[in-house]
Amino acid sequence: MKLSCGIFANIAPLYSKPLWYELASSVNIGYTFYSSGEGYSGIRTIDINESKHIDPEAFLDWHFLKNIIIKNRIIYQKGIISKCLRTDHDVYILYGEMHCISNWIAAMICKIRSKPLIFWGHGLYGSENWLKKRIRLLYYKLAACNFVYGNRARTLLVESGFDPDKVFTVYNSLDFEFHKKIYASVNKSELSEIKTSLFKSRSNLPVIIFIGRLTREKKISYLLESINLCKLKGNDFNCLIVGEGEESEELKNLAESLGIDRSVCFYGSCYDENTNARLIMLSECCVSPGNVGLTAIHCLSLGTPVITHNNFLTQMPEVEAIIQNKTGSFFEENNVHDLSTVIEDMVLNKRKFLMEKSCIKEIEDYWNPKKQTAVIDKAVSDLAFNHMKANEVTE
């Protein structure tokens, strides 16, 4: 008998498309997806008209909810209550944002209906104050199991009294199969031509990349200041910044004031993944001076190591994919001088050559849709069957 599982998400982010279709192709579990079809906070989403994949055998059973957003936070989802009351899934998965009021109600409905519930979210960050931590723990205890993105969050929940057999690290992912194909097909001469088109007479110099939204939280100014410090020490590098955002003009002005505008290429936004992949591959490393999220997974998937800061209390879970001297390096948070030293060590010692295979292996082992689906399928199956057995005993 094929099990049924309902996944309730706040939105349908475009980066989750490979995972959703991987789950949809599960042999033993039929997944139904519920979410808003609209974007949120600048995150691109799956095309609302795309309910079927180009592969006719893969079908995405997707139903739409309506988000109510106040001060850039989803505080309620219209439709989730009726879905939890009227549907009959064996297991319910709810993206675990405690500030969303409807999530609390949906969780209590599942408990009243004796429907197994899994929360899927960040878990504990470790930086919460006493009150926020207590509320967050109370919220997570409404579920039978919890999915978290990283091992650190799992450890924090277990240390707070959660059953280790009911907290699962499911990681996060992009389209790793697509990245593997690009990585295998691109040759060095093609990358060399792209470098020449970007940096002209400076194309012989190493390239440091940042790719993502240009927001204040990403602290991209630290990267420019570090490139300048490297140059003052006699180490001239190119810097490639791919993306747009609120900091765009300020960063361009900073590059000019530092006298490194010829060293820096502001590429702008790029949504062509074939192009993005090549820009990442031609770079010696990616530097994310603020928090690093899926940018780390993106770059490691293509064999490019990542540098970011070492304060894990404020980092995103994807930072766990960065292993010192294996898939990247860390610098002291907010220390531009240390960042410049770490960049120099990475580039001058040609560490990308040494790390490239390890970067890809880290993604192959953990951070991809197939691995995620295997963990999710097993957790859902075990929870459903254990619940059925428990009901048989009580009857």
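The values are calculated or read from the model by the stated rules, or taken from the named source; none is laboratory data. Just so it is clear, the model here is predicted, and its values are computed rather than measured. Counting neighbours? That spans all protein chains shown, and the Cβs are built from the backbone with ideal geometry, glycine included. Remember, those area values only see protein heavy atoms, side chains included, never the ligands or the DNA or RNA. Shrake-Rupley method; radii C 1.70, N 1.55, O 1.52, S 1.80 Å.
One compactness figure for segment 104-239 is 1.63, namely its Cα radius of gyration divided by 2.2 N^0.38 Å. If segment 348-395 were replaced by its equivalent ellipsoid, with semi-axes equal to the square roots of 5 times the Cα gyration tensor eigenvalues, what would those be, largest first, whole Å? Calculated on Cα positions only, the semi-axes equal 44, 7, 5 Å. In the chain, the longest principal axis of the Cα atoms and the axis of helix 176-185 are about 30 degrees apart. Across H99, H309, H89, mean-square fluctuation computed from a Gaussian network of the chain (C-alpha pairs under 10 Å connected) peaks at H99. Take every pair of alpha-carbon atoms less than 8 Å apart whose residues are at least six positions apart; their mean separation over the length of segment 38-173 yields a relative contact order of 15 percent. Any chance you could check the Cα centroid distance between segment 68-125 and segment 238-260 for me, in angstrom? Going from one Cα centre to the other spans 41 Å. If you roll a 1.4 angstrom probe over the protein chains with everything in place, what fraction of the accessible area of the chain belongs to carbon and sulfur, to the nearest %? Taking all protein chains in place, the chain shows 52 percent carbon and sulfur surface.
Beta bridges per DSSP, both residues in the chain: antiparallel share near 15 percent. For K218, a cut-off of 19 angstrom between C-alpha atoms picks up these aspartates and glutamates, skipping any fewer than 8 places away in its own chain: E244, E246, E247, E249, E250, E318, E320, E332, E333, D338. Heavy-atom accessible surface of the chain, averaged per residue, reaches 47 Å², computed with a 1.4 Å probe. With the alpha-carbon atoms of segment 242-395 aligned to their principal axes, the span from lowest to highest coordinate is 77, 34, 33 Å, starting with the largest. Mind running the shape call on segment 163-225? Use the C-alpha gyration tensor, a ≥ b ≥ c as the square roots of the eigenvalues: rounded below 1.5 for a/c, prolate if a/b tops b/c, oblate otherwise. Taking the square roots of the gyration eigenvalues as a ≥ b ≥ c, segment 163-225 is oblate. Rounded to the nearest 20 debye, the dipole size of the chain about its Cα centre is 560 debye, using +1 on the Cβ of Lys and Arg and -1 on the Cβ of Asp and Glu.
From its DSSP helices (H runs of at least four residues, each -39,500 (n - 2.57)), the chain gives a residue-normalised ellipticity at 222 nm of -13000 deg cm²/dmol.
Loop-located chymotrypsin sites (Phe, Trp or Tyr not before Pro) in segment 267-359 (DSSP state other than H, G, I, E, B) with a sparse environment of at most 11 neighbouring Cβ atoms within 10 Å: Y271.
Mean separation of Cα pairs under 8 Å and 6 or more residues apart, divided by the residue count, gives the chain a relative contact order of 14 percent.
Here the peptides 38-44, 109-115 are ranked by packing, the mean other Cβ count within 10 Å, and the order with the highest first is 109-115, 38-44. Evaluated at q = 0.26 Å⁻¹, a Debye calculation over the C-alpha positions of segment 107-187 (equal weights, vacuum) places log10 I(q)/I(0) at -1.22. Compactness of segment 80-134 was expressed as the Cα radius of gyration divided by 2.2 N^0.38 Å, which yields 1.26. Computed extension gain for D272 through K357, at 0.36 nm per residue and net of the alpha carbon distance, reaches 28.2 nm. Look at the alpha carbon pairs under 8 Å that are at least 6 residues apart: their mean separation over the length of segment 134-290 gives a relative contact order of 25 percent. Convex hull of alpha carbon positions in segment 37-190: directionally averaged projected area 13.2 nm².
Summing Cβ point charges (Lys, Arg +1; Asp, Glu -1) relative to the Cα centre of segment 188-337 gives a dipole of roughly 480 debye.
For the chain, the longest principal axis of the C-alpha atoms and the axis of helix 248-258 are separated by about 30°. The alpha carbons of the chain stretch over 77, 50, 37 Å along the principal axes, in descending order. The C-alpha atoms of the chain define a longest principal axis, and helix 220-232 lies at about 30 degrees to it. Across L348, L142, L279, mean-square fluctuation computed from a Gaussian network of the chain (C-alpha pairs under 10 Å connected) peaks at L348. A viscosity of 0.692 mPa s and a temperature of 37 °C, combined with the Kirkwood radius over Cα pairs in Stokes-Einstein, give a translational diffusion coefficient for segment 214-308 of 240 µm²/s. Taking the chain, the Cys residues with no second Cys beta-carbon under 4.7 angstrom are C5, C84, C100, C110, C145, C230, C239, C265, C270, C285, C359. How would segment 315-395 be classified by its alpha-carbon gyration tensor: rounded, prolate or oblate, with rounded meaning a/c under 1.5 and the a/b versus b/c comparison settling the rest? The shape class here is prolate. Based on the Kirkwood radius over alpha-carbon pairs, what is the Stokes-Einstein translational diffusion coefficient of segment 291-335 at 37 °C with 0.692 mPa s viscosity, in µm²/s? Stokes-Einstein gives a translational diffusion coefficient of 317 µm²/s. Taking Cα centre as origin and charging only the Cβ of basic (Lys, Arg, +1) and acidic (Asp, Glu, -1) residues, the dipole magnitude of segment 1-143 rounds to 840 debye.
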